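Let me begin by presenting the structure, written as structure tokens, before commenting on it.
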Amino acid sequence: MNANAIRFRSGTLDSLRGLTLFSMIAYHLCWDLVYLRGLPWAWYNGFWAYIWQQSICCTFILLSGYCCQASRHPIRRGAISFFGGAAVSLATALVTPEEPIRFGVLTF
């Protein structure tokens with residue numbers, strides 16, 4: 001990274017991105033335990049787990065929109081994210097055809 005890029009980075013945004021990423025990893029770990037391992041966890045299917053899920057999604061969307069204005073190549077970065085989402089959709093359609101991810105936060 002050059003000096004200008006480091007100078008203009010926001011520690012708050014980076015921290016929020018990191019915290020949201022950690023939260024998303026924890027959420028998907030719980031999803032794996034419930035749906036792939038069969039853990040009978042009623043809380044995960046309840047209201048507060050839904051709020052957790054939506055807070056992750058909304059935070060990623062807000063951060064993406066806010067950070068897009070600071071990008072020098074927003075179309076390229078958007079295309080990379082979109083095609084990453086398309087790859088996830090394709091992979092889940094092949095691996096779990098009964099529950100494919102048709103539209104996720106990356107595709108959005």
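No lab work stands behind these numbers, since they all come straight from the coordinates. Worth saying up front: this structure is predicted, and the values here are computed from it rather than measured. Virtual Cβ from ideal backbone geometry, glycine too; neighbours counted across all protein chains shown.
Rounded to the nearest 20, the size of the Cβ-charge dipole of the chain about its Cα centre is 540 debye, with Lys and Arg at +1 and Asp and Glu at -1. For region 59-108, the Kirkwood estimate of hydrodynamic radius, built from reciprocal distances between every pair of different alpha carbons, is 11.7 Å. Calculated [222 nm] ellipticity per residue, helices only, for the chain: -22000 deg cm²/dmol; basis is -39500 (n - 2.57) per DSSP H run with n ≥ 4, divided by all residues, nearest 500. Taking 0.36 nm per residue of sequence separation and removing the Cα-Cα distance, the A42/R72 pair yields an extension gain of 6.3 nm. Treating each Cα of the chain as one equal point scatterer and applying the Debye formula with no solvent, the log10 of I(q)/I(0) at q = 0.16, 0.18 Å⁻¹ comes out as -0.90, -1.07. Using a cutoff of 8 angstrom between alpha carbon atoms and counting only pairs six or more residues apart, the relative contact order for the chain works out to 20 percent.
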